[in-house]
Amino acid sequence: MDLTHAWTPPPVIADPGRATRARIDRLSAELGSGRRADLGRALRSDFSALARAAHDFGTAEARRVALSNAADWTGRMQLAAGFVADRSADLFTRAISALGQAAPTAIGPLATEAEGSLRDMMAALNGQQGGRALFGNGDPDGAPLGAPDDLLAALRPIAAGALDPDALLLAFDDFFAPGGTFETDHLADFPVDAVAFPTGQGRAIPIAVDLDEPALRAALRDAALLALLPEAAAAAAPADRAALARDLAERMSTTAGGLTEMRARIGTVEARIADARGALDREASALERSLSESTAADSYETATRLQAEMTRLESIYAITARRARLTLTGYLR
């Protein structure tokens, strides 16, 4: 008996609801996320706006990093400048008190404090951010100021050799003047151009504060002078100390004013950086909102289409179940 064609498998019945269920899943996802599932359809196959937005986002992120670095840079500069100003103000008060006394016993403690302040000031002005000198216009070669011991050693014979207050002050002024010994022997070469942080569209914010600032040099000069007073012949007599007190009061008051003005300029740069960061945040928010709107799904339209697909699925089930006498569970399998 030939059984070759005795049995044939049943024909595969296509699932008429598969596409409908796929559309329901997609519309449900759109309704839940508020975003079009088909990005190409949402953008009408024009991805140029998306590409521009992605580019603008990348540029904005680079600018955000640059401005964040600029804020860190100016913040550390402001701290260092404030430290120098505070130490200089403290020395001013101590110097007027110590030099006003008839006996020279107060000069020793004043000199000790002044030397410590000088070392601390130089350490603060040698500060770095990201391996670059804060007050050396971003010089990557290390600290722009030399060692405090070398500076004091160079100034010691000058202090000892000045026989009157005027000669002492003039000698220290010459030492710290532009082109003087301090600049040539105790200040390393650093870039002339100020550090500048880009803000986009070819613009940048420069930070034009460095160790060429007269107020910073004056603060170091005053601290060094007070540190070497015990070795200065011009501070031996009470009358000379009184004259030094008068002259130093005027000089250190000028130094304090210069440091305040310098810190105000750093503050102006900080304000410009804050404004640029605020503008960048607003620009990024506008870009994000525009991109979101271009890919957003209309909730009402999506819900309407979802309801229509659900109705269509119910109709397909009803017809299929009636023909095949299936339960809903059996159909969905």
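The table below lists the values:
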| item | result |
| --- | --- |
| Leu287 in a helix (DSSP H, G or I), modelled with pLDDT of 80 or more and surrounded by 14 or more Cβ atoms within 10 Å (Cβ to Cβ) | no |
| In the range 168-200, the residues that are in a loop (DSSP other than H, G, I, E, B) and more than 19 Å from the chain's Cα centre (by Cα) | Ala177, Pro178, Gly179, Gly180, His186, Ala188, Asp189, Phe190, Pro191, Val192, Asp193 |
| Unmet criterion (only one of (1) modelled with pLDDT under 65; (2) open to solvent by less than 70 Å² (accessible area, probe 1.4 Å)) for Asp247 | (1) |
| Neighbours by Cβ (under 9 Å, 6+ apart or cross-chain): first from the range 255-276, under 10 Å from Gln78 (Cβ atoms); second buried (at least 20 other Cβ atoms within 10 Å of the Cβ) and among the polar types (S, T, N, Q) | Ile266/Thr74; Gly267/Thr74; Val269/Thr74; Glu270/Thr74 |
| From the options Ala123, Ala160, residue that is in a helix (DSSP H, G or I) and free of Cβ contacts under 8 Å to residues at least 60 places away in the same chain | Ala123 |
| Which listed residue, of Thr112, Thr93, is more than 28 Å from Gly267 (Cβ to Cβ), surrounded by fewer than 19 Cβ atoms within 10 Å (Cβ to Cβ) and among the β-branched types (Val, Ile, Thr) | Thr112 |
| Residue match in the range 116-133 (condition: under 21 Å from Asp247 (Cα atoms) and either over 26 Å from the mean Cα position of the chain (by Cα) or open to solvent by 10 Å² or more (accessible area, probe 1.4 Å) (or both)) | yes |
| Criterion: in a helix (DSSP H, G or I) and either at pLDDT below 85 or closer than 27 Å to Phe135 by Cα (or both) - qualifying residue of Ala102, Ala106, Ala98 | Ala106 |
| Whichever residue in the range 163-175 is within 30 Å of Ala194 (Cβ to Cβ) and touching a residue at least 24 places away in the same chain (Cβ under 8 Å) and, among such residues, is surrounded by the fewest Cβ atoms within 10 Å (Cβ to Cβ) | Asp173 |
| Selection status of Leu225, hydrophobic (A, V, I, L, M, F, W, C), open to solvent by less than 60 Å² (accessible area, probe 1.4 Å), within 20 Å of Arg87 (Cα to Cα) and in contact (Cβ under 8 Å) with a residue 60 or more places away in the chain | yes |
| Residue in the range 187-194 that is surrounded by 14 or more Cβ atoms within 10 Å (Cβ to Cβ), within 22 Å of Thr74 (Cβ to Cβ) and either free of Cβ contacts under 8 Å to residues at least 40 places away in the same chain or aromatic (Phe, Trp, Tyr) (or both) present | yes |
| Search result, residues across the range 109-125 that are in contact with a Ser or Thr (Cβ under 9 Å, 6 or more places away or on another chain), modelled with pLDDT of 95 or more and not hydroxyl-bearing (Ser, Thr, Tyr) | Met121 |
| Index of the failed condition, Val209 passing every other in (1) β-branched (Val, Ile, Thr); (2) within 18 Å of Pro178 (Cα to Cα); (3) assigned to a helix (DSSP H, G or I) | (3) |
| The range 134-157 - residue that is within 15 Å of Phe182 (Cα to Cα) and free of Cβ contacts under 8 Å to residues at least 40 places away in the same chain and, of those, surrounded by the most Cβ atoms within 10 Å (Cβ to Cβ) | Pro148 |
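The values are calculated or read from the model by the stated rules, or taken from the named source; none is laboratory data. Being a predicted model, the structure only gives us computed values, none of them experimental. Using ideal geometry, Cβ is built from the backbone for each residue, glycine included, and neighbour counts are taken over all protein chains shown. These accessible areas exclude ligands, DNA and RNA; they are computed on the full protein's heavy atoms, side chains included. Shrake-Rupley method; radii C 1.70, N 1.55, O 1.52, S 1.80 Å.
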